[in-house]
Amino acid sequence: MFEKYYNEIANIEGWFAKEDAKLLFETINKLKGSASMVEIGSWCGKSLIFSALAAINNGNNCKKYSIDPFTTSKDEPNGKYETFIENLKKYDLSDKIVHIKEKSNDIGEKFNDNIEFLFIDGFHVYEYVKKDFELFSKRVIENGYILIHDVASWFGPTQLVYDIAETSDNMKILDFAGQTVLMAKVNNLSAEDKARNRDFSNIIKNKIETYNIKLTK
Ligand SMILES: C[S@@+](CC[C@H](N)C(=O)[O-])C[C@H]1O[C@@H](n2cnc3c(N)ncnc32)[C@H](O)[C@@H]1O
């Protein structure tokens, strides 16, 4: 089944490798459908369409959001909005995805739907991605999932995940595949969970050597 969905999106331009897609797919298969799915940063829709098709195939009719202003950091159009809209049409998803054409940090405070699956792949600057995490993780239900992309390849998401692994008392890191880290929001962490989180911070530290990223602590 995974191969079927990954092949379906093969021709969409984007940054969504097979290993990362597999982790999303396995996570989507675990969803209960009790709250929404949210993606921050959609570009041409590659990961969004993949996730939506996989969820719909499971009968998961939860609300599915995409948040992307389709502008660069200088507030200029990034040129992908029309392609994104066309791609949603092509996959018959236009009326199945709520697209919020705004910057995630700007709407995070107002976003008041509960979330079971949050995929963060927007603006990668540390302060920004950190705020994405803070604003939107508040809406994630207990045992809901948060996935952060571009870990070990971009400083912002890498430092953020490292901070979480080192200090969080309610995020349980579950996996790291490709450039995506998967965590679950829990009530509290057991000693075993904390030790596992620390193992992940070491894995991150080892992996960043390839990309020449320097963590601040
Ligand atoms: C790496 S791309 C996303 C790739 C996509 N998930 C895929 O499957 O190909 C990053 C996206 O984040 C969007 N973005 C940039 N600034 C943003 C912001 N402030 N809030 C939300 N999204 C933002 C960009 O428009 C771009 O489409």
Report yes if some residue within the range 65-72 is under 19 Å from the mean Cα position of the chain (by Cα), away from the ligand (no atom under 14 Å from the Cβ) and aliphatic (A, V, I, L, M); otherwise report no.
no
Can you tell me which of (1) under 23 Å from LEU31 (Cα atoms); (2) at pLDDT below 95 is the one LEU182 doesn't meet?
(2)
Scanning the range 1-48 residue by residue, those among the β-branched types (Val, Ile, Thr) and within 16 Å of HIS149 (Cα to Cα) turn out to be THR27, ILE28, VAL38, ILE40
Restricting attention to the range 22-63, which residues are assigned to a helix (DSSP H, G or I) and either of a type outside the set (A, V, I, L, M, F, W, C) or under 22 Å from ASP106 (Cβ atoms) (or both)?
LYS22, GLU26, THR27, LYS46, SER47, LEU48, SER51, ASN57
Single condition ASP20 does not satisfy, out of (1) among the charged types (D, E, K, R); (2) in contact with a Ser or Thr (Cβ under 7 Å, 6 or more places away or on another chain); (3) loosely packed, with under 14 Cβ neighbours inside 10 Å:
(3)
What's the number of the condition CYS62 fails, among (1) out of contact with any Gly (no Cβ under 6 Å at 6 or more places or on another chain); (2) touching a residue at least 40 places away in the same chain (Cβ under 8 Å); (3) closer than 22 Å to ASP113 by Cβ; (4) not acidic (Asp, Glu)?
(1)
Do we find a residue being touching a Gly at 6+ places or on another chain (Cβ under 7 Å), farther than 12 Å from ILE40 by Cβ, charged (D, E, K, R) and touching a residue at least 12 places away in the same chain (Cβ under 8 Å) anywhere in the range 117-135?
no
Reported set for the range 204-215 where residues are assigned to a helix (DSSP H, G or I) and touching a helix residue (DSSP H, G or I) at 6+ places or on another chain (Cβ under 9 Å) is ILE204, LYS205, LYS207, ILE208, TYR211
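The values are calculated or read from the model by the stated rules, or taken from the named source; none is laboratory data. Note that this is a predicted model, so its numbers are computed, not measured. Note: ideal-geometry Cβ built from the backbone for every residue, glycine included; neighbour counts use all protein chains shown.
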